[in-house]
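Visitor: Could you have a look at this structure, given as structure tokens, before my questions?
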Amino acid sequence: MSTALRLFSKHEVEKFKSDLMRLKVKRKIASRAFSLASIYVFATHDNPAYIHCSKFGVIGRVNEDAFPMWIKRNLFKEVDSKYSPGVKCKGYIVDKEFYLYLKNTLSKEEINIINDTEHQANISATKELYKTYKQELNALKPIEYTEGNDGRYHHILQGVKRELKSKIIFKDFNDYDISSAAPTILYQLYHNICKKYNIQYNRFNELATIEYYINNKVEVRKDFALQYNIDEEIAKKILNSFFNKAKLAANNHCVIYTKYLEFDKTKLLKMQQDPFIKTLRRDIGFLWNKIYSVMNEEVVKRPNKVKRWYLYFAEERKILAVIDKELAKLTGTKNLGYFLEHDGMKVHKRYQLDVDNLIEKIYSETGYILDISNK
């Protein structure tokens, strides 16, 4: 669906307005939009403000994310679809009514609603999902997955919010996770490639920063979160995104800048100059260059981002195949009593998983040495 045809339902609009009152991140987005609109608030139909599309980047990804899109659509009304002579910008006026609505809303104190309508709706929807998959979740019927183009198994239950997933959906399951899956797998793949193709490398120096991160991930994430005043889960997402060679740039296409740092240029500049991050990103670049050097011609032709995840998911799938086989032995039936979730798994509490044995099986069949823990 094109951006121009995107319509917002009454329920979505009510949710956006609720978010504005209670969520700090949404209020920041609205505040940036309000500041931008203040510059052009005196534009009229006869004399519109010709605003280049890049200016809207301060609001967020206005062509992709729903909330910034809604703010921009309501706050800026396009009145000239033609380009101004000599300037490739469309003409806009500020919608005064919405502008005043934002002004009044942002002046009010943020409301912290724990049991709000949306939360209750999520709980109700999750309970309905549990009813739908009750037999599967009671280990009475195998779970059926769909396989995506990325080679991963997909299921609707993977998309449930984390806290509801553990409290409602998988309350009778033990949750297991491959520690630092992507960094660990890619790090070991690098060294396996060097050994296989007789490529010289210094195992004591090369990728030392990546090795340090893998071995000290908890401390690194805590320190990173503290330095940049962000949540530890966000810190984890940023650090792991570097392994897909995520950029650090102050533009609308940089997810770290727009989504995780919320357009905070001070934090971005600090991160760009951070010695640890610089070295980590350098080592990751070195890692991928070495891996690229032995790729077959079919893979080399793929775009870089697709190429990287195509290769990583292929390795992840080898590991998952071993896990799937071992869990099927444990429960007696394939996909019964366990749930696969990308680089993790959940096993019904009626079954006792021997984690050490599973780690040994993965190593003997794939060569990967992994740490699997019970969350």
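Visitor: Which of the residues belonging to segment 328-364 are in a helix (DSSP H, G or I), touching a residue at least 40 places away in the same chain (Cβ under 8 Å) and in contact with a helix residue (DSSP H, G or I) (Cβ under 8 Å, 6 or more places away or on another chain)? Explain how you work it out, then say what you get.
Guide: Of the residues in segment 328-364, the ones in a helix (DSSP H, G or I) are 328-331, 355-364.
Restricting the remaining residues to those that are touching a residue at least 40 places away in the same chain (Cβ under 8 Å) gives 331, 355, 362.
I362 - this is the single residue of segment 328-364 that is in a helix (DSSP H, G or I), touching a residue at least 40 places away in the same chain (Cβ under 8 Å) and in contact with a helix residue (DSSP H, G or I) (Cβ under 8 Å, 6 or more places away or on another chain).
Visitor: Only one residue in G60, G91 is in a loop (DSSP other than H, G, I, E, B) and either of a type in the set (G, A, S) or at pLDDT 90 or above (or both), so which one is that?
Guide: On the way: G91 fails: in a loop (DSSP other than H, G, I, E, B).
Checking each option against the conditions leaves just G60.
Visitor: Can you tell me which of Y187, Y176 is modelled with pLDDT of 90 or more, surrounded by 16 or more Cβ atoms within 10 Å (Cβ to Cβ) and part of a helix (DSSP H, G or I)? Spell out how you get there, then give the answer.
Guide: Numbers: Y176 fails: part of a helix (DSSP H, G or I).
Selected residue: Y187, the only one of Y187, Y176 that is modelled with pLDDT of 90 or more, surrounded by 16 or more Cβ atoms within 10 Å (Cβ to Cβ) and part of a helix (DSSP H, G or I).
Visitor: Being surrounded by fewer than 17 Cβ atoms within 10 Å (Cβ to Cβ), more than 18 Å from Y99 (Cβ to Cβ) and either among the charged types (D, E, K, R) or at pLDDT 90 or above (or both) is the filter here, so list the residues in segment 7-26 that pass it.
Guide: Residues satisfying the conditions are K10, E12, E14, R22, K24.
Visitor: Okay, next question. Quick check on my filter: what residues within segment 27-55 are out of contact with any Ser or Thr (no Cβ under 9 Å at 6 or more places or on another chain) and buried (at least 17 other Cβ atoms within 10 Å of the Cβ)? Let's see the steps before the verdict.
Guide: Residues of segment 27-55 that are out of contact with any Ser or Thr (no Cβ under 9 Å at 6 or more places or on another chain), as a first pass: 28-29, 31-47, 49, 51-55.
If the condition is that a residue be out of contact with any Ser or Thr (no Cβ under 9 Å at 6 or more places or on another chain) and buried (at least 17 other Cβ atoms within 10 Å of the Cβ), then I29, R32, A33, F34, L36, A37, Y40, A43, A49, I51 are the ones that fit.
Visitor: Take the residues in segment 290-346 that are surrounded by fewer than 15 Cβ atoms within 10 Å (Cβ to Cβ) and small (G, A, S), then tell me which one is modelled with the highest pLDDT.
Guide: G332
Visitor: Counting only residues that are part of a helix (DSSP H, G or I) and hydrophobic (A, V, I, L, M, F, W, C), which one in segment 30-57 is farthest from L106 (Cα to Cα)? Talk me through it step by step, then tell me what you get.
Guide: In the first step, residues of segment 30-57 are kept if they are part of a helix (DSSP H, G or I); the result is 30-39, 53-57.
Cutting the leftovers down to hydrophobic (A, V, I, L, M, F, W, C) gives us 30, 33-34, 36-37, 39, 53, 56.
Values: A30: 8, A33: 11, F34: 9, L36: 15, A37: 14, I39: 17, C53: 25, F56: 19 Å.
This residue is C53.
Visitor: Follow-up. If K375 satisfies every condition in (1) crowded, with 16+ Cβ neighbours inside 10 Å; (2) more than 14 Å from E136 (Cα to Cα) but one, which is the exception?
Guide: Just one mismatch for K375, condition (1).
Visitor: In segment 107-131, how many residues are at pLDDT 80 or above, exposed (fewer than 12 other Cβ atoms within 10 Å of the Cβ) and under 24 Å from Q158 (Cα atoms)?
Guide: Filtering segment 107-131 down to residues at pLDDT 80 or above leaves 107, 122-131.
Within this subset, residues satisfying the condition of being exposed (fewer than 12 other Cβ atoms within 10 Å of the Cβ) are 107, 124, 128, 131.
Those still in the list that are under 24 Å from Q158 (Cα atoms) too: 124, 128, 131.
Count: 3.
Visitor: While we're here: Confirm whether Y176 is without any contact (Cβ under 8 Å) to a residue 40 or more places away in the chain and of a type in the set (S, T, Y). Talk me through it step by step, then tell me what you get.
Guide: Numbers: without any contact (Cβ under 8 Å) to a residue 40 or more places away in the chain: no; of a type in the set (S, T, Y): yes.
Answer is no for this residue.
Visitor: So which residues in segment 190-239 are small (G, A, S) and closer than 27 Å to I291 by Cα? Step through it out loud before you land on a result.
Guide: In the first step, residues of segment 190-239 are kept if they are small (G, A, S); the result is 208, 225, 235.
Scanning segment 190-239 gives A208, A235.
The values are calculated or read from the model by the stated rules, or taken from the named source; none is laboratory data. All of these numbers come straight from a predicted model, not from anything done at the bench. FYI the Cβ positions are ideal-geometry reconstructions off the backbone, even for glycines, and counts take in every protein chain you see.
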